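One structure is given below, encoded as structure tokens.
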Ligand code: SLL
């Protein structure tokens, strides 16, 4: 079926949109277990897809389907409006299939990613986190890339009106067009920012320097060993190889 807005693509254009997805889990307080949870369940958790820093993504993302482990009743959960999230209780970790359905106008096929539900601490001070019954968060940043989007979808992605003139003075303040910008700084509810990106780049740069330094040191050690081997061979003769 053709897209409602037509199938003509905007050639030579790629538009990307950032989003975050992942899981958060909290162990039950043994003194205060939720009444509705089955006896073998140990955690409350949720899986979600959302915009960075709470940005609206519903203009390009229409529906999200979460496929849970088969041990869950009705394991396929379809969310056709935000918030795109499923909250559950359970006892075990498993891979969740997350399928993205794009705006009808997009003419794009659905895309699927996977995410491992984490219930237990997996980095940092594990014992302390267990003691504190800390929130276990496993959240990733990702970008979806629309390659040569169809015209109607391009308009939606960029706030409408390819080539349209800016609103004249006195017109009602228009909503700024959506962008793929991530925030400059991190905040309490969001760790994905340009500041963090640049810190990560610095960390990677430092790590590369460190690896190069270690390589140089190893090379220098090898050279010393080789030259003392050569010296030995000259003074003591070559080692006799036993048959
Ligand atoms: C495991 N691969 O063997 C995992 C499976 C299944 C998780 C984890 C509860 C479902 C229910 C639940 O936590 N399933 O009983 O409602 O560890």
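Structural remarks
- When peptides 209-216, 10-17 are sorted by average Cβ neighbour count within 10 Å, with the highest value leading, the order is 10-17, 209-216.
- The orientation-averaged projection of the convex hull spanning the C-alpha atoms of the chain amounts to 27.2 square nanometres.
- The helix-based estimate of mean residue ellipticity at 222 nm for the chain, built from -39,500 (n - 2.57) per DSSP H run of four or more residues and divided by its residue count, is -8000 deg cm²/dmol to the nearest 500.
- Dimensionless Rg ratio for segment 193-236, taking C-alpha atoms and the 2.2 N^0.38 Å reference: 2.07
- In degrees, nearest ten, helix 194-236 long axis to first principal axis of the chain (Cα): 20 degrees
- Rh by Kirkwood over Cα pairs, then Stokes-Einstein D for segment 14-158 at 1.567 mPa s and 4 °C, µm²/s: 78 µm²/s
- Highest average packing first - 87-95, 72-80, Cβ atoms within 10 Å: 87-95, 72-80
- By the count of other C-beta atoms within 10 Å, a proxy for reagent exposure, 66, 123 are ordered fewest to most as 123, 66.
- Sorted by Cβ neighbour density within 10 Å, fewest at the top, the residues 146, 28: 28, 146
- Potential extension, residue 210-residue 241 segment - 0.36 nm per residue separation minus Cα distance: 7.2 nm
- Taking 0.36 nm per residue of separation and subtracting the current Cα-Cα distance, fully stretching the chain between residue 184 and residue 11 would add 59.2 nm.
- Sorting 67, 185, 35 by the number of Cβ atoms found within 10 Å of their own Cβ, with the fewest placed first, yields 35, 185, 67.
FYI, it's all coordinate maths here, none of it is from the lab. Everything numeric here is computed off the predicted structure, so don't read it as measured data. Virtual Cβ from ideal backbone geometry, glycine too; neighbours counted across all protein chains shown.
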